[in-house]
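The values are calculated or read from the model by the stated rules, or taken from the named source; none is laboratory data. It should be emphasised that the depicted structure is a prediction, and the values quoted were computed from it without experimental measurement. Counting neighbours? That spans all protein chains shown, and the Cβs are built from the backbone with ideal geometry, glycine included.
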């Protein structure tokens with residue numbers, strides 16, 4: 001089968017072995033997979049000596065099921081979590097890492113489920129309550145998703161980005177308070193919180209210095225929280241942290257269960273009475289938010305590349321990252337589906 005690999009600093013399509021179906025797994029024919037530029041370009045920077053398959057978020061249709069897999073053949077699913085989910089034509093996915101997709105959600109949108117689960121878990125880590133305020137720094141696709149989810153949860157949301165196009169996109173998607181500069185952020189926080197500071201700052205941006213961390217500590221309230229989601233240097237002033245007895249947290253991927261082989265590969269769920277929101281339940285909640293119209297994902301997908309053009313997609317991300325908001329790879333199975341719909345439509349008109 002075809003897959004996207006990183007090899008000696010370059011990203012290309014390659015032939016790799018088909019995955020094997022195991023007990024508790026489903027075999028998925030991929031239609032779309034979402035690119036996570038930060039993670040995948042970082043991996044490519046490792047200059048792997050052996051070809052390494054990239055990707056962790058995709059969608060498609062179940063074609064075979066293993067014993068106790070819970071899903072059915074023909075079911076549309078969204079999948080998340082390397083090494084099982086990747087940019088590849090076929091995926092063997094454990095049952096907790098694949099969730100059903102209703103007809104009201106396109107598989108193109110559903111392919112972002114990994115990013116969505118990360119956004120959902122980040123907000124859970126902040127432990128906010130209805131009516132509290134959150135500042136999101138960085139309005140790339142992850143920041144845009146997090147902002148919409150936070151708004152749906154009833155939080156008071158402020159988004160800050162220096163790129164005008166991303167600020168406009170956030171406004172188009174219903175985010176009321178969007179700031180283009182640090183000065184505008186300070187003014188908005190003052191008005192919304194009566195000068196007390198926001199309850200939490202979520203850093204969805206990258207950075208090689210501690211400047212954003214220190215600034216965030218200034219913008220939170222007493223005993224507020226700063227949560228790191230992006231690839232950011234964890235360097236900050238102890239004095240600022242101490243002055244507010246602030247919490248600095250980091251969000252690890254999509255929720256409890258991630259990287260636990262007993263949960264992911266072994267299929268052992270965490271009892272809901274002890275762990276309310278697992279990785280799989282966060283995925284399902286993200287799909288529900290799309291299905292019920294609480295968040296909009298289609299406007300965030302600005303580029304669709306056939307898998308054969310994966311090198312061009314990643315090259316564009318590397319050379320002009322600000323020109324793309326969200327990009328997905330399309331597979332032959334999706335193209336065949338679209339072709340079949342067009343034929344059916346044409347046949348109906350005759």
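Quick rundown of the values:
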{"read-out": "Count of residues meeting criterion [free of Cβ contacts under 8 Å to residues at least 60 places away in the same chain and either closer than 30 Å to residue 282 by Cα or in a helix (DSSP H, G or I) (or both)] in the stretch 226-244", "value": "13"}
{"read-out": "Test: residue in the stretch 205-217 that is surrounded by fewer than 22 Cβ atoms within 10 Å (Cβ to Cβ), modelled with pLDDT under 95 and in a strand (DSSP E or B)", "value": "yes"}
{"read-out": "Within the stretch 1-83, strands (runs of 3 or more DSSP E) holding 1 or more residues that are under 24 Å from the mean Cα position of the chain (by Cα) and farther than 17 Å from residue 280 by Cβ", "value": "2-7, 10-15, 25-34, 57-65"}
{"read-out": "Selected residue (criterion: nearest to the chain's Cα centre (by Cα)) from residues of the stretch 257-302 that are more than 23 Å from residue 108 (Cα to Cα) and not in a loop (DSSP other than H, G, I, E, B)", "value": "264"}
{"read-out": "Residue in the stretch 317-327 that is closer than 25 Å to residue 7 by Cβ and modelled with pLDDT under 85 present", "value": "yes"}
{"read-out": "Subset of the stretch 303-315 (residues that are assigned to a helix (DSSP H, G or I) and surrounded by fewer than 17 Cβ atoms within 10 Å (Cβ to Cβ))", "value": "308, 309, 311, 312, 315"}
{"read-out": "Meets criteria (within 19 Å of the chain's Cα centre (by Cα) and closer than 22 Å to residue 264 by Cβ) for residue 126", "value": "no"}
{"read-out": "Sole exception among (1) surrounded by 18 or more Cβ atoms within 10 Å (Cβ to Cβ); (2) modelled with pLDDT of 95 or more; (3) more than 27 Å from residue 125 (Cβ to Cβ) for residue 334, by number", "value": "(2)"}
{"read-out": "Any chance residue 104 is surrounded by fewer than 24 Cβ atoms within 10 Å (Cβ to Cβ), more than 16 Å from the chain's Cα centre (by Cα), touching a residue at least 40 places away in the same chain (Cβ under 8 Å) and within 25 Å of residue 252 (Cβ to Cβ)", "value": "no"}
{"read-out": "Answer residue from the stretch 138-174, given it is assigned to a loop (DSSP other than H, G, I, E, B) and crowded, with 21+ Cβ neighbours inside 10 Å and is farthest from the chain's Cα centre (by Cα) among those", "value": "155"}
